[in-house]
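Heads up, the thing below is written out as structure tokens.
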Amino acid sequence: MLKDWLIEVKVELYNDNFQNFKSYQLPRAQLLIADIPYNLGNNAYASSNQWYVDGDNTKGESDKANKQFFDTDKNFNIVEFMHFANRMLIKEPKETGKAPAMIVFSSFQQMPMVAAYGEKYGFKHSFPMVFVKDTSPQVLKANMKVVGATEYATVLYRDKLPKFNNNGEMIFNWMRWGRDGKEIPKVHPTQKPQGVLERLIEIFTDRGDVVIDPVAGSGSTLRAAASLGREAYGFEIKKDFYKAAKEKMLLDIQPSLF
Ligand SMILES: C[S@@+](CC[C@H](N)C(=O)[O-])C[C@H]1O[C@@H](n2cnc3c(N)ncnc32)[C@H](O)[C@@H]1O
């Protein structure tokens, strides 16, 4: 429980498969953020220098070569995920400017698949978001190559336009991917930066709204949501990540200044 100067917000992370959500009495969410496993099979580290010992390709392949990021990647089922999203987002409100949204981080290649499955589950609309980095993990033999320095997400919604908080200004579909400072514990290989998560949460929700992340990893979404006075719930199937999230990421959350 994070005590803010205005309200108390609930923060709960469950060490379980999100498909078991019915066992938990979660409130419906205004915003769902999910960074879905990339299902890259045995090439998860192909764009990372961790493929090689000490990140040095002259030293040979490391134990990460030909490995998946997570042995839980295979547990992720996009159909079950869309079913979860449909059940756990608030129903379409009568008023305009209050509808819920879902943000799905994925690889570029997964984006059409995310939009297509979303449509089958009632998320008729979607648009892409691009996040721009000033570094690239694809550093190996990078001379004379175009290297990846972007991240991607798809924003999905059902009928009415989602809540957009930007003082009536337009919102570009790209954002800078700022890096976390030392005050944010690093507990997951694909951890999303607090600044990006906070910006998205500020746009699509108000204080007191509920944010859910069904594949929470480090608990970064929950931390960002709680620090902004939003209720936050998440699932993480892997015990190690769950423990690290509880012991590091979700301890000592400070309300952000706003
Ligand atoms: C890409 S990572 C999320 C990283 C997270 N966005 C962060 O910033 O730390 C996906 C996570 O989902 C978890 N996961 C995969 N399938 C799951 C499931 N069915 N239920 C709950 N968690 C799952 C994996 O263990 C992994 O930690």
Amide H contacts under 5 Å for ARG176, restricted to residues at least 5 apart in sequence or on another chain and with H modeled in the peptide plane, are VAL132
If each part is reduced to its alpha-carbon centroid, segment 181-258 and segment 87-115 end up apart, in Å, by 19 Å
How large is ³J(HN,Hα), in whole Hz, for each residue of segment 156-168 in order, when computed from phi with the Karplus curve 6.51 cos²θ - 1.76 cosθ + 1.60 and θ = phi - 60°, using x for Gly and Pro? 10, 8, 7, 10, 7, 4, x, 3, 10, 9, 8, 6, x
Karplus (6.51, -1.76, 1.60) ³J(HN,Hα), θ = phi - 60°, over segment 197-203, in Hz, Gly and Pro reported as x: 5, 5, 4, 5, 5, 4, 5
Local charge sum around LYS91 (other residues, Cβ-Cβ under 13 Å, Lys/Arg +1, Asp/Glu -1)? +3
For segment 84-201, shape from the Cα gyration tensor axes a ≥ b ≥ c, cut at a/c of 1.5 then a/b versus b/c, turns out prolate
Of LYS98/LYS186; LYS163/LYS239; LYS133/LYS160; LYS22/LYS74, those spanning more than 28 Å from alpha-carbon to alpha-carbon: LYS98/LYS186; LYS163/LYS239; LYS133/LYS160
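FYI, it's all coordinate maths here, none of it is from the lab. Values in this document were obtained by computation on a predicted structure and should not be read as measured data. Because the Cβ atoms are built from the backbone with ideal geometry, glycine has one as well, and the counts that use them run over all protein chains shown.
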